[in-house]
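Take a look at the structure below.
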Amino acid sequence: MIKRMVPVPVRIHPLFWLIVCSAVWTGYFIEIMTLFVLVLIHELGHAAAAGAFGWRVDSIELLPFGGVVKTDEWGTVPAREELTVALAGPFQHILMILISLFFYRQGWWTKEWTEYFIQGNLMIAGFNLLPVYPLDGGRVFLSTLSYFFPYRFCLHFTLWTGMAGSLALCVLALFWSPEGILVHLLILGIFLFYSNLQMLRQKNIHFFRFLLFRRHHPDLSRPVKKVRMEPDTRLNEVILKLCKEKYHVLEVVDQNGELVSILPEEWLLDAYMTCPYGKTTIKEWFAS
């Protein structure tokens, strides 16, 4: 359901002003400010899409090397919403490129300024679409994987891929240019590596938020996935098989493969969160 949007505060990181001062000092104030306006429009695209879905958007923060929309909805909402919100930012650059070409055709912009404006849009959109979390491309990658694989696996694979991609950016920054180290790209690579490392350390919290949301918001309209298990299977082993875009029906079978019981997904979530660490087996849970 599309919901009415509310105003989103825009916050500016203190280090942003250092970039502005350096731009004034070096004579590139207009160019730097143009890039930050493009970043702001990019983030407004995310915020508008998130607000349309009813997400709780806290703020938009402009950072020295980009921007971020702060929201707590990632990982709990349907993948289609995550994909839409993630792609809404890069989509703004397509619109801005078309507008710049219109201005150029009307004679309002010079050829040089139009080329700079288009290059800035392509640079921001292209970088953000890299499959490195938490960039837009990384979020698209995670959401797409969640259609096909268990969500816990998707988290692990996306974050490890993000760390590898971040290291690749650092290597490019060190050795790509014959003129020396690309400092900005190196800083971005280090920042992205640190972000993925922090997210990897917090993966259990992120996964548990996913489980809590599913427990309190069951969705029977999802495609059904049958999960077969034996009575001696531990709950914490079964929970790792949950897919974000599926509704699970648990089929308990004996050693001969004969069906013993059919359990809904809600039973698994309740049982897992009731027993300590989910180490109880299905047989032990029913016997208790």
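Remark: segment 119-131, residue by residue, has Karplus-estimated 3J(HN,Hα) of 4, x, 5, 5, 5, 5, 5, x, 5, 5, 8, 4, x Hz, where x stands for each Gly or Pro and the curve is 6.51 cos²θ - 1.76 cosθ + 1.60 at θ = phi - 60°.
The candidate values are (i) 21.7; (ii) 18.8; (iii) 19.7; the one derived from this structure for Kirkwood radius over Cα pairs in Å carries the label (i). Working from label points 7 Å from Cα in the Cα-to-Cβ sense, the residue 59 to residue 73 distance is 2.0 nm. Cα gyration tensor of segment 216-288, axes a ≥ b ≥ c as square roots of the eigenvalues: rounded (a/c below 1.5), prolate (a/b > b/c) or oblate? The shape class here is oblate. When 217, 184, 206, 93 are compared by accessible area of protein heavy atoms, the largest-first order is 184, 217, 206, 93, using a 1.4 Å probe. Taking Cα atoms only, the orientation of helix 203-216 departs from the longest principal axis of the chain by about 60 degrees. Simple rule: put +1 on each Lys or Arg Cβ and -1 on each Asp or Glu Cβ in the chain, find the dipole, and look at 155, 36, 108; the Cα lying farthest toward the positive end is 155.
Taking all protein chains together and rolling a 1.4 Å probe, residue 224 ends up with roughly 90 Å² accessible. In the chain, the DSSP beta bridges split such that about 60 percent are antiparallel, to the nearest 5. A simple count of charges around residue 260, restricted to other residues whose Cβ falls under 13 Å of its Cβ and scoring Lys, Arg +1 and Asp, Glu -1, yields -3. Loop-located trypsin sites (Lys or Arg not before Pro) in segment 29-102 (DSSP state other than H, G, I, E, B) with a sparse environment of at most 16 neighbouring Cβ atoms within 10 Å: 56. Surface composition of the chain: carbon plus sulfur atoms hold 66% of the accessible area, using a 1.4 angstrom probe and ignoring ligands, DNA and RNA. Straight-line cross-link reach from residue 279 at under 20 Å between alpha-carbon atoms covers these lysines, not counting any fewer than eight positions away in the same chain: 203, 241. Sparse packing (at most 13 other Cβ atoms within 10 Å of the Cβ) combined with a DSSP loop state is found for the following GluC sites (Glu not before Pro) in segment 214-269: 258. Once both axes come from the Cα atoms, what is the angle between helix 183-201 and the longest principal axis of the chain, in degrees from 0 to 90, rounded to 10? So the inclination is approximately 20 degrees.
For the pair segment 233-262 and segment 107-179, the centres of their Cα atoms are 37 angstrom apart. With the simple model of a label 7 Å out from the Cα in the direction of the Cβ, residue 30 to residue 202 spans 4.1 nm.
Would you please name the GluC sites (Glu not before Pro) within segment 42-86 that are DSSP coil residues with at most 14 other C-beta atoms within 10 Å of their C-beta? Intermediate results must be reported in sequence, preceding the final value.
On the way: sites: 43, 61, 73, 81, 82; in loops: 73.
Loop-located and lightly packed - none at all.
If R0 equals 45 Å, the separation of the Cβ atoms of residue 148 and residue 21 corresponds to a calculated FRET efficiency of about 0.40.
GNM, the chain, Cα, under 10 Å: largest mean-square fluctuation among 84, 233, 76? The residue that fluctuates most here is 233. When the chain is treated as a Gaussian network with alpha carbon springs shorter than 10 Å, the biggest mean-square fluctuation among 78, 131, 264 belongs to 264.
Once the mean 1/r over all distinct Cα pairs of segment 53-181 is inverted, what Kirkwood radius in angstroms do you read off? Mind dumping the intermediate values first?
Details: mean 1/r = 0.0594 Å⁻¹.
One decimal place: 16.8 Å for the Kirkwood radius.
Amide H contacts of residue 253 (H built 1.01 Å from N, in plane; Pro and chain starts excluded): 229, 230, 260 sit under 5 Å, all sequence-distant by 5 or more or on other chains. Stretching residue 284 away from residue 233 to a fully extended chain increases their span by 17.4 nm, per 0.36 nm per residue minus the current alpha-carbon distance.
With protein chains left intact and a 1.4 Å probe, residues in segment 94-233 average 60 Å² of accessible area per residue. The aspartates and glutamates within cross-link reach of residue 226, meaning a Cα-to-Cα straight distance under 17 Å and a gap of 8 or more places when in the same chain, are 237, 245, 251, 254, 258, 265, 266.
The values are calculated or read from the model by the stated rules, or taken from the named source; none is laboratory data. On a predicted model such as this, the values are computed, not experimentally measured, just so you know. Ideal geometry is used to build each Cβ from the backbone, glycine not excepted, and the neighbour counts take in all protein chains shown. The area values use the complete protein model at the heavy-atom level, side chains included, leaving out ligands, DNA and RNA. Shrake-Rupley method; radii C 1.70, N 1.55, O 1.52, S 1.80 Å.
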